[in-house]
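All remarks here apply to the structure that follows.
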Amino acid sequence: KKINDEVYADFIKSGYKVPLSQITIKDMKSRWGSCNYVKGKISMNLKLCEYEKICIYSVFYHEYMHFIHHDHSKKFHKDLNLIFPDYEKCHKMLGE
């Protein structure tokens, strides 16, 4: 909840209009997180707890960015790297 609240606040402070997402934790096989931007929900992979805290933040930022961009376009990555400059480093740490 704390990370979710911090990431949400950062998006709002940065001028993005995003909902405060309801978070669920799941044992996922093939992804670190997922976003249902229609329902305003984000699911996070239980296995993230095995990684550094900054990696958990990176997945939250990634999923929140899907409320703005519903794809993985250049604009998605540009905006994501602007709001969370450590994203690429974390992306590599997570092995994606």
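The values are calculated or read from the model by the stated rules, or taken from the named source; none is laboratory data. Computed from a predicted model, the values in this text were never measured in an experiment. As a convention, Cβ positions derive from the backbone with ideal geometry for all residues, glycine included, and neighbour counts pool all protein chains shown. The area values use the complete protein model at the heavy-atom level, side chains included, leaving out ligands, DNA and RNA. Shrake-Rupley method; radii C 1.70, N 1.55, O 1.52, S 1.80 Å.
Working carefully through the options Y16, Y64, find the one that is in contact with a strand residue (DSSP E or B) (Cβ under 8 Å, 6 or more places away or on another chain) and touching a residue at least 40 places away in the same chain (Cβ under 8 Å).
Y64
Going by the structure shown, is Y8 open to solvent by 50 Å² or more (accessible area, probe 1.4 Å), assigned to a helix (DSSP H, G or I) and touching a residue at least 40 places away in the same chain (Cβ under 8 Å)?
Taking the combined requirement at face value, the residue satisfies it.
Look through I23, I42, I68, I3 and report the one residue that is at pLDDT 95 or above, out of contact with any His (no Cβ under 6 Å at 6 or more places or on another chain), part of a helix (DSSP H, G or I) and β-branched (V, I, T).
I3
For the structure I just gave you, tell me whether E50 is closer than 18 Å to G95 by Cβ and surrounded by 17 or more Cβ atoms within 10 Å (Cβ to Cβ).
It is false that E50 is closer than 18 Å to G95 by Cβ and surrounded by 17 or more Cβ atoms within 10 Å (Cβ to Cβ).
Listed here are the residues, each with its yes/no results for (1) in contact with a Lys or Arg (Cβ under 8 Å, 6 or more places away or on another chain); (2) open to solvent by 40 Å² or more (accessible area, probe 1.4 Å).
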{"position": "L46", "(1), (2)": "yes, yes"}
{"position": "E63", "(1), (2)": "no, no"}
{"position": "I68", "(1), (2)": "no, yes"}
{"position": "L94", "(1), (2)": "no, no"}
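For region 26-39, which residues satisfy the criterion of being in a loop (DSSP other than H, G, I, E, B) and under 14 Å from I68 (Cα atoms)?
Selection gives Y37, V38, K39.
Just checking, does region 71-84 include any residue being outside any helix (DSSP H, G or I), in contact with a helix residue (DSSP H, G or I) (Cβ under 6 Å, 6 or more places away or on another chain) and loosely packed, with under 13 Cβ neighbours inside 10 Å?
No, every residue in region 71-84 fails to be outside any helix (DSSP H, G or I), in contact with a helix residue (DSSP H, G or I) (Cβ under 6 Å, 6 or more places away or on another chain) and loosely packed, with under 13 Cβ neighbours inside 10 Å.
With respect to the numbered conditions (1) of a type in the set (D, E, K, R); (2) in contact (Cβ under 8 Å) with a residue 40 or more places away in the chain; (3) in contact with a strand residue (DSSP E or B) (Cβ under 7 Å, 6 or more places away or on another chain), which one is the sole condition not fulfilled by E52?
Every condition holds for E52 apart from (3).
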